[in-house]
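Q: I have a structure I would like to understand better, so I am pasting it below and will then ask my questions one at a time.
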Amino acid sequence: MAGAPQAFGVSGYSGAGTTPSPRNDPERLRDNLMPYALTGHLHEREASHHLGHAVRFVPHVAPFFRGITLTITLPLARPLERDALVRRYRDVYEGEPLVRVTDDIPEVRAAAGRHDVTIGGFQVDDRHAVVVVTLDNLLKGAASQAVQNLNLALGLPERQGLPQDPNP
């Protein structure tokens, strides 16, 4: 990699907390997109720490209730073909029960009610790759993630205790 990945995130207002604020006020959000925490967001610090290199994350909140979509730009140290990038993602996540890799650009509405994360929309231009990630922030972003982590800690199958997704 030739620099820090940059993630442009758009979350539904359920991700903005329960304390009333402009970020979770449906009327204030109507016909609006609101950036916040332009630097130093908690998730930016967490991802940077766990990955061992800088990650840039700029979150926004939108007028839908649940879900998050991230458009991630990855600077590349050397040219890479799109097919090679997709193959890397498929190889890394093959057999992961809560990660789906698709060629299509995932849509946040399709993530609603799902326990997994979807990665897709792969594009490569010069020395940059772009991928899109969606998930249901109330499930995979919170409740499903907690169940998955408990299962892993206890040596149980990752999906144990999670109902089937409505749209497999």
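The values are calculated or read from the model by the stated rules, or taken from the named source; none is laboratory data. Note that this is a predicted model, so its numbers are computed, not measured. Cβ coordinates were reconstructed from backbone atoms using ideal geometry, including for glycine residues, and neighbour counts include every protein chain displayed. In case anyone asks, the SASA skips ligands and DNA or RNA and just uses the protein heavy atoms, side chains included. Shrake-Rupley method; radii C 1.70, N 1.55, O 1.52, S 1.80 Å.
Q: Using per-residue counts of other Cβ atoms within 10 Å, averaged over each peptide, order 99-106, 36-43 from highest down. Walk me through the intermediate numbers first.
A: On the way: 99-106: 16.2, 36-43: 12.0.
Result, highest mean first: 99-106, 36-43.
Q: Ok, one more. Based on alpha-carbon positions alone, could you give the equivalent ellipsoid semi-axes of the stretch 47-101 from the gyration tensor, as √(5λ), descending, whole Å? Don't skip to the end; give the middle numbers.
A: Working: eigenvalues 110, 64, 36 Å².
Output for the stretch 47-101: semi-axes of 23, 18, 13 Å.
Q: Additional query: State to the nearest 20 debye the size of the charge dipole of the stretch 27-79 about its Cα centre, where the only charges are +1 on K and R beta carbons and -1 on D and E beta carbons.
A: Values: 6 positive and 4 negative charges, 20 e Å.
Dipole of the stretch 27-79, to the nearest 20 debye: 100 debye.
Q: In the stretch 95-135, carbon and sulfur make up what percent of the accessible area (probe 1.4 Å)? The partial results should precede the final answer.
A: Working: 890 of 1930 Å².
Carbon-and-sulfur percentage of accessible area, whole number: 46.
Q: So which GluC sites (Glu not before Pro) in the stretch 81-168 are both in a DSSP loop and have at most 10 other Cβ atoms within 10 Å of their Cβ?
A: Details: sites: GLU81, GLU94, GLU107, GLU158; in loops: GLU81, GLU94, GLU107, GLU158.
Here the sparse-neighbourhood loop sites are GLU81, GLU94.
Q: Now, a different point. How large is ³J(HN,Hα) for each residue in the stretch 116-132, as worked out from phi by the Karplus curve 6.51 cos²θ - 1.76 cosθ + 1.60 (θ = phi - 60°), to whole Hz, x for Gly and Pro?
A: So the J values, rounded to whole Hz, are 10, 10, 10, 10, x, x, 4, 9, 10, 9, 6, 10, 10, 10, 10, 10, 10.
Q: Out of the trypsin sites (Lys or Arg not before Pro) in the stretch 1-95, which ones are loop residues according to DSSP with at most 14 other C-beta atoms within 10 Å?
A: Details: sites: ARG23, ARG28, ARG30, ARG45, ARG56, ARG66, ARG82, ARG87, ARG88, ARG90; in loops: ARG30, ARG66.
Those satisfying the criteria are ARG30.
Q: For the chain, what is the mean residue ellipticity at 222 nm derived from helices alone (per DSSP H run of n ≥ 4: -39500 (n - 2.57); sum divided by total residues; nearest 500 deg cm²/dmol)?
A: Working: 5 runs with 41 residues, N = 168.
Mean residue ellipticity, 222 nm, calculated: -6500 deg cm²/dmol.
Q: Can you pull a Stokes-Einstein diffusion coefficient for the stretch 108-154 at 4 °C (1.567 mPa s), Rh from Kirkwood over Cα pairs, as a whole number of µm²/s? All intermediate terms of the calculation are to be shown ahead of the outcome.
A: Working: Rh = 12.0 Å.
So the translational diffusion coefficient is about 108 µm²/s.
Q: Oh, and also: Sorted by average packing, counted as other Cβ atoms within 10 angstrom per residue and highest first, what order do 128-135, 145-152 take?
A: Details: 128-135: 21.2, 145-152: 14.5.
Most protected by this proxy first, the peptides run 128-135, 145-152.
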